[in-house]
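Report on the following structure.
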Amino acid sequence: MSIVVQLLKRVFFSCMLRPIALLPIDASLYLVDGVRLLRDLSFPSGHAATIFVLISVVQLLSRSKKKSYTVILLGLALMVAYSRIYLCQHFYIDVYAGAWIGIISALVVYSCSLYFRGPDWLDHSIYFLLYTYGKGLPIKK
């Protein structure tokens, strides 16, 4: 996800400006104190991509698919996405594209990991490895 976002930001859409760079200087805006306003590399939002990949992975890996957890995770992601717009760091389309990049990245990696078996030692727990390969290790009492 980070590779896709940074490639899009720095190679394909490096000329995309952030909202503060496009607003008139005399615009009466409410700006949050202490927030450094960047002027370039707007599209897509890396923060939105990160939070949406995180909640997508958590949702895909959780065994209990309760609606309340899903709503809480989605609410958290939407708050992070909204904060990027509220802080004048991104436009709506930046956040929207970042969210889709995060969701699609999580789905691609999850679906690829389902079909990749990996080495046999990955199927065992750490206790099995310690028991099998740790027999020759001296244990201090």
* Looking at ARG84, is it loosely packed, with under 11 Cβ neighbours inside 10 Å, at negative phi and of a type outside the set (A, V, I, L, M, F, W, C)? -> no
* Asked: Listed residues TYR96, TYR69; which is over 17 Å from LEU8 (Cα atoms), aromatic (Phe, Trp, Tyr) and assigned to a helix (DSSP H, G or I)?
  -> TYR69
* Among the numbered criteria (1) among the hydroxyl-bearing types (Ser, Thr, Tyr); (2) within 29 Å of CYS112 (Cβ to Cβ); (3) in a helix (DSSP H, G or I), which single criterion is violated by SER83? -> (2)
* To do: Examine region 50-60 for a residue that is outside any helix (DSSP H, G or I) and either of a type outside the set (Ser, Thr, Tyr) or over 18 Å from GLN89 (Cβ atoms) (or both), and state whether such a residue exists.
  => no
* **Yes/no for ARG18 being modelled with pLDDT under 90, surrounded by 13 or more Cβ atoms within 10 Å (Cβ to Cβ) and basic (Lys, Arg)** => yes
* Asked: If you go through region 26-35 one residue at a time, do you hit one that is touching a residue at least 12 places away in the same chain (Cβ under 8 Å) and part of a helix (DSSP H, G or I)?
  -> no
* To do: May I ask you to verify whether SER64 is over 18 Å from the mean Cα position of the chain (by Cα), part of a loop (DSSP other than H, G, I, E, B) and hydroxyl-bearing (Ser, Thr, Tyr)?
  => yes
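The values are calculated or read from the model by the stated rules, or taken from the named source; none is laboratory data. Just so we're clear, the structure is a prediction, and the values are computed from it rather than from any experiment. Positions of Cβ are backbone-derived with ideal geometry, glycine not excepted, and every protein chain shown enters the neighbour counts.
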